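Enquirer: Submitted below is the structure of interest, expressed as C-alpha cells.
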Amino acid sequence: VEVIVQAIVLVGGEGTRLRPLTFGTPKPMVPIMNVPFLARTLERLYEAGIRDVILPAGYLPQAIIDYFGDGSRLDMNVTYVIEDEPLGTAGALKNVEQLVTGAFFVLNGDVLTSLDLRAMMAFHKERGGLGALHLIRVDDPSAFGCVVSDENHRISAFVEKPPKGSEPTNEINAGTYLLEPKVLSMIPVGCNVSIERETFPKILAGGDALYAYTTTDYWIDLGRPEHYLAAHRDILSGLMPLKLEPGVSGEGKHGVHAAIVPPVHVGPDVRIDESAMVGPNVVLGKGCSIGPNARLRESVLWEGVEVGEGAVIEESIVASRTRIGAGARLGAGTVVGHDVVIEAGTQIEPGGRVGAAAPVVSP
Ligand code: GDD
Ligand code: MG
C-alpha cells in the first residue's frame, strides 16, 4: 500500500473577491480565528501523516515564506515554487512535477473543511483510477464546479460554474484531490491550464477513471467576505471543529466586561472598555482596542484595530491596524483593508469596501 506523504496546496490566487483584505494579505494568510488559514491547513495535513508540502505561489508569496520558512517549526518540509505569471490550477501542478514522488494530495488553499484525509486515502486505495476528488452537496452549485458521478462513484462529467438553473447536479468539487502522478503527464508544460476545465475532462475523455468521494463534512470556501464571516460563526458555534489558539473565548472569561455577548473570541493584549458591547460572533485580533460605548456584532477584526468611542460595527471585516473613528458606523457587509483611517462620524453604507487600491505588501 502506498502511503501518501506529499501535498500540494494551491496558494497562487489573487483573492480578488476578498479585496481589499487581499491587497495586504494573500488569501491563504488571511486569519481564521486569529491564525493564518494556511497554518490550519498544514496542521490538518500533519495530522494525516503528511510532512512534505509544496506551495505553488505567485501573489504576495513573501508573506507566506516569512511565516512558514522551510516548515521545520511545524516539523514539516515546505517548498515554495513561485510563478512569474499565474499558471492556473493545473499549470501550477505541472510546474512542480519534478518534486512529486508518488500519489499526492492537492488542496485548494481557501477551503475550510473537516474532511478526513486518511479516510479519503482509503477510498482511493479501494477504488483505484487516476484520482479521487472530494465532493460535497450545496444548495447553490452555480458558484462552483459541478461534478457528475454514477452509482459506482465514477465521475462522468465536469461542468465548471454553470449558469444558475442549468446545474446538472448539486454535488460540487470541494477542492481536495488525491491524484496519481500520471495526471501530471497529461498537463501541457509552460502555460496556463485549469485542472477543472481542461485536465479533469481530458482524463475522462482518454478513458481513465476519476472517483467521487462525496461526504457530508463541514465545508466552506473562504473566498468571499460573507463566507469568511460565516466560517467564523460556524467555528464559534462549534459546527466546524477547530483547535483554538490560547485566547479568551466565550462567556464569563472577560471578568469585568458584562456586555460581552457570547460567542466571542479575543486574542492577546486586547482592551475592551467596560461600557462597550461586543458580540455575538465577534473575533478580535491581537492588540485590538475597543472604546467606550462602541458596539460590535457579527464581525472579525484583525490585529491592532482601534475602535473609537461609540462606533458601531456590524457584520464587517476590518484588516490590521485600521482605525475606526469615534461615532463611525460600518454597515453590514463592510470590508475595510489594512492601515485605513476612518474619520470620526463616517457612515459606511452596507456592503462598503474601503482600503488601498494596490498591494501594500505587509501582513
Ligand atoms: N499557484 C497557483 N496558480 N494557484 C492558483 C492559481 C494559479 O494560477 N489560480 C488559482 N489558484 C489557487 C487559489 O489560490 C485557490 O487556492 C485555488 O487555486 C482555487 O482557486 P479559486 O480562485 O479559489 O477557485 P474557485 O473557488 O473559484 O473554484 C475552485 O474551487 C471550488 C471549491 O471551492 C474550483 O476548483 C471549483 O471547481 C471548486 O468547486
Ligand atoms: Mg475558492
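Enquirer: How about segment 163-204: which of its residues are more than 21 Å from GLN98 (Cβ to Cβ) and hydroxyl-bearing (Ser, Thr, Tyr)?
Expert: Once the filter is applied, which keeps residues that are more than 21 Å from GLN98 (Cβ to Cβ) and hydroxyl-bearing (Ser, Thr, Tyr), segment 163-204 yields SER166, THR169, THR176, SER194.
Enquirer: Here's another thing I want to ask about it. For segment 163-173, check the following and say yes or no: at least one residue is touching a Leu at 6+ places or on another chain (Cβ under 8 Å) and within 23 Å of GLY15 (Cβ to Cβ).
Expert: yes
Enquirer: Looking at ILE54 and the list (1) closer than 28 Å to ALA209 by Cα; (2) modelled with pLDDT under 95, which single condition is not satisfied?
Expert: All conditions pass for ILE54, except number (2).
Enquirer: Taking the condition farther than 22 Å from ILE8 by Cα and either part of a helix (DSSP H, G or I) or of a type in the set (A, V, I, L, M, F, W, C) (or both), does VAL183 pass?
Expert: Judged against the criteria, VAL183 is not a match.
Enquirer: If you take the residues in segment 143-200 that are among the hydroxyl-bearing types (Ser, Thr, Tyr) and closer than 19 Å to LYS125 by Cα, which one is nearest to ligand 2 (Cβ to nearest atom)? Steps first, please.
Expert: We begin by selecting, within segment 143-200, every residue among the hydroxyl-bearing types (Ser, Thr, Tyr); these are 149, 156, 166, 169, 176-177, 185, 194, 199.
Then drop every residue that is not closer than 19 Å to LYS125 by Cα, which leaves 149, 176-177.
Values: SER149: 21, THR176: 12, TYR177: 14 Å.
Of everything passing the filter in segment 143-200, THR176 is nearest to ligand 2 (Cβ to nearest atom).
Enquirer: Go through ARG329, ARG321, ARG295, ARG271 for me and flag whichever is closer than 18 Å to VAL35 by Cα, free of Cβ contacts under 8 Å to residues at least 24 places away in the same chain and among the basic types (Lys, Arg).
Expert: Just one listed residue meets the conditions, ARG321.
Enquirer: Ok, one more. Looking only at segment 12-51, count how many residues are buried (at least 19 other Cβ atoms within 10 Å of the Cβ), not small (Gly, Ala, Ser) and not in a helix (DSSP H, G or I).
Expert: Count: 10.
Enquirer: Looking only at residues in segment 217-231 that are part of a helix (DSSP H, G or I) and within 12 Å of ligand 2 (Cβ to nearest atom), which one is surrounded by the most Cβ atoms within 10 Å (Cβ to Cβ)?
Expert: Step by step, filter segment 217-231, then rank; the result is TYR228.
Enquirer: Tally the residues that are under 22 Å from the mean Cα position of the chain (by Cα) and either surrounded by fewer than 16 Cβ atoms within 10 Å (Cβ to Cβ) or away from ligand 2 (no atom under 16 Å from the Cβ) (or both), restricting the search to segment 120-137.
Expert: 3
Enquirer: In addition: Could you grab the pairs with beta carbons closer than 8 Å, sequence gap of 6+ or different chains, first residue in segment 71-95 and in contact (Cβ under 8 Å) with a residue 40 or more places away in the chain, second one part of a helix (DSSP H, G or I) and charged (D, E, K, R)?
Expert: Matching pairs, first to second residue: LEU87/LYS94; THR89/GLU196; ALA90/GLU198.
The values are calculated or read from the model by the stated rules, or taken from the named source; none is laboratory data. What you are looking at is a predicted structure, and each value in this text was computed from that prediction instead of being measured. Heads up, the Cβs are rebuilt from the backbone with ideal geometry, glycines too, and the neighbour counts pull from every protein chain shown.
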